[in-house]
1. Just to check I understand the Karplus step: with θ = phi - 60° and J = 6.51 cos²θ - 1.76 cosθ + 1.60, what whole-Hz values come out for segment 16-23, glycine and proline as x?
2. What number comes out for the charge environment of S24, summing +1 per Lys or Arg and -1 per Asp or Glu over other residues with Cβ under 10 Å away?
3. What is the local net charge at T33, summed over the other residues whose Cβ is closer than 14 Å to its Cβ (Lys, Arg +1; Asp, Glu -1)?
Amino acid sequence: ASASMKVDVIHVPRAREVGQSYVSSVFTTLRATLYSASLVLRLEPNVVLANGPGTCVPIVLAAMFLPVFGVGSGMHQTCATIYIESVARVRTL
């Protein structure tokens, strides 16, 4: 007998675009973090699968710290994080 599983694939805004100035990245990082926190509160994920620091950092921070502060109804105390690094844009090693 196999258990049914629900999977949500959600695109989150990037905290910082490649080549973006550090000054303007403060605002985009704040936007991405608030968006990510609202997703974690709404979905209460068991697992977060992420790639690339531009999207990974805000969602992983929200998944790690919101339960610590007791935010959310029935929030899971643990949320596994799977980070996949890619060499897609690497020209040399």
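1. Each residue's phi maps through the Karplus curve to give 8, 7, 4, x, 6, 5, 5, 5 Hz.
2. Working: positive: R16; negative: E17.
With Lys, Arg at +1 and Asp, Glu at -1, the neighbours total 0.
3. So the surrounding residues net to +3.
Every read-out reported here was derived from the displayed coordinates using simple, explicitly stated rules and does not represent laboratory data. Note that the coordinates shown come from a computational prediction; the quantities given were computed from them, not determined experimentally. Cβ coordinates were reconstructed from backbone atoms using ideal geometry, including for glycine residues, and neighbour counts include every protein chain displayed.
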